[in-house]
1. Collect the residues in segment 219-237 that are open to solvent by 20 Å² or more (accessible area, probe 1.4 Å) and either of a type in the set (Ser, Thr, Tyr) or more than 9 Å from the ligand (Cβ to nearest atom) (or both), keeping them in residue-number order.
2. Report, by residue number, each residue of segment 149-164 that is open to solvent by 10 Å² or more (accessible area, probe 1.4 Å) and either of a type in the set (A, V, I, L, M, F, W, C) or part of a loop (DSSP other than H, G, I, E, B) (or both).
3. Taking segment 50-108 as the region of interest, how many residues are of a type in the set (S, T, N, Q) and more than 20 Å from the chain's Cα centre (by Cα)?
4. Assuming TRP315 fulfils every condition listed in (1) in contact (Cβ under 8 Å) with a residue 40 or more places away in the chain; (2) within 30 Å of ALA206 (Cβ to Cβ) apart from one, which condition is it?
5. Name the residues in segment 311-338 that are over 17 Å from the mean Cα position of the chain (by Cα), in a helix (DSSP H, G or I) and of a type outside the set (A, V, I, L, M), would you?
6. Can you report the number of residues in segment 238-295 which are more than 25 Å from THR63 (Cβ to Cβ), open to solvent by 50 Å² or more (accessible area, probe 1.4 Å), part of a loop (DSSP other than H, G, I, E, B) and hydrophobic (A, V, I, L, M, F, W, C)?
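The values are calculated or read from the model by the stated rules, or taken from the named source; none is laboratory data. Note that the structure is a prediction, hence the values are computed from the model and not measured. Using ideal geometry, Cβ is built from the backbone for each residue, glycine included, and neighbour counts are taken over all protein chains shown. What goes into the accessible areas is simple: the full protein's heavy atoms, side chains included, and nothing from ligands, DNA or RNA. Shrake-Rupley method; radii C 1.70, N 1.55, O 1.52, S 1.80 Å.
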Amino acid sequence: MKAAYFEAHGPLDVIQVGDLPAPVLGPGDVRIQVKAAALNHLDLFVRDGWPGLKVPLPHVGGTDLAGVVVEVAPDVRSVRVGDEVLVNPGLNFEAGPDGHQRIPADVSIVGETRWGGLAEQCVVPATHVLPKPHDMSWETAAALPLASITAMQMVKRKARVKRGDRVLIVGAGGGVAIMALQIAKASGAWICATTGGADKVLKVKALGADVVIDYKASSDWSKEAFLASGKKGFDAIIDSTGTATFSKSVRLLGLGGKLVTCGATTGGLSEVDVKAIFWRQLSILGSTMGIPQDLKDAIKMWEAGQLRAVIDSTWSLDQVRDAMAKMERSEQFGKLVIKP
Ligand SMILES: NC(=O)c1ccc[n+]([C@@H]2O[C@H](COP(=O)([O-])OP(=O)(O)OC[C@H]3O[C@@H](n4cnc5c(N)ncnc54)[C@H](OP(=O)(O)O)[C@@H]3O)[C@@H](O)[C@H]2O)c1
């Protein structure tokens, strides 16, 4: 099968496009002919590698994908050849009895711990495919899962955003942030968002943000955000940018405010004033992936017209490197979709 893959970790030019043997179908698995895949920042991190990451090489990335089932293992009953499906890439993120995620010790994610969707075919467990709604495009079906699952947990179960909350979305042009903005808006929150560039400001406003700050044009985006909050600070902040924004985001929390992070796009280190955390009784909450119900809820919101998968652009498998380069420069607004 044709695939975009790497044989060693590193920057963009480790990505090759060529033929690899198709992945083997194990018990409980289904084989999907990939119609569309979508990039996530995770695909860049896995390609770069990090200390302790053990990925058998060559590796095919691509956490998000959708396609047509072309083969099912003999023990699979829930999925049939010909089914049009999208994939929940979080393979070991389940809900506990309280409805919250049971935090797994090790993650198992399509495109990270097994080959992903940047190929003509992908093999995943039948338990993690969902029927694609008939009127949902392949592009949307690929763009929705990881970002929406992650954002659902951040907004609903970690920040517990409710009607009237003041919410700040940092870097609102990113895949997860776009979903978080829409989910918080649908919960009735008042939204302030930051994004980089005048074009993106218009797009973030169109998604329903009440105030949008261009962090590239502003001399002090955090001061602007503080003023926009009526000098009260925010009840909830969704910020996965890391070093570039984290300490300012903590300062922007109002009394009892919650900052939820799932990422460190610009680096993992940040200086935080501990005194602010206890005096103002702040919560700094980490979040990773979500639970299977989150994707079902995201699909319901999409069907109700409350959640859009914003597609920046669509690329061929041969153009994966160019698409990754665009994501590395944060030039995209929304998802970069790959059509193998
Ligand atoms: N733990 C998990 O389960 C999980 C799941 C998904 C993602 N993540 C992590 O979350 C992060 C976002 O993922 P993603 O796939 O949504 O990435 P993405 O689509 O590449 O979005 C990243 C966004 O970060 C913003 N950004 C970059 N530099 C910035 C700066 N200096 N100030 C403010 N904003 C800045 C940009 O926003 P603008 O476009 O608005 O400028 C950019 O679009 C990544 O670190 C990823 O690894 C974690």
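1. Keep residues of segment 219-237 that are open to solvent by 20 Å² or more (accessible area, probe 1.4 Å), which gives 219-221, 223-224, 226-228, 230-232, 235.
Once the filter is applied, which keeps residues that are open to solvent by 20 Å² or more (accessible area, probe 1.4 Å) and either of a type in the set (Ser, Thr, Tyr) or more than 9 Å from the ligand (Cβ to nearest atom) (or both), segment 219-237 yields SER219, ASP220, LYS223, GLU224, PHE226, LEU227, ALA228, GLY230, LYS231, LYS232, ASP235.
2. Those that are open to solvent by 10 Å² or more (accessible area, probe 1.4 Å) and either of a type in the set (A, V, I, L, M, F, W, C) or part of a loop (DSSP other than H, G, I, E, B) (or both): ARG160, VAL161, LYS162, ARG163, GLY164.
3. Counting residues in segment 50-108 that are of a type in the set (S, T, N, Q) and more than 20 Å from the chain's Cα centre (by Cα) gives 1.
4. Unmet for TRP315, out of (1) in contact (Cβ under 8 Å) with a residue 40 or more places away in the chain; (2) within 30 Å of ALA206 (Cβ to Cβ): (1).
5. The answer is ASP318, GLN319, ARG321, ASP322.
6. Counting residues in segment 238-295 that are more than 25 Å from THR63 (Cβ to Cβ), open to solvent by 50 Å² or more (accessible area, probe 1.4 Å), part of a loop (DSSP other than H, G, I, E, B) and hydrophobic (A, V, I, L, M, F, W, C) gives 1.
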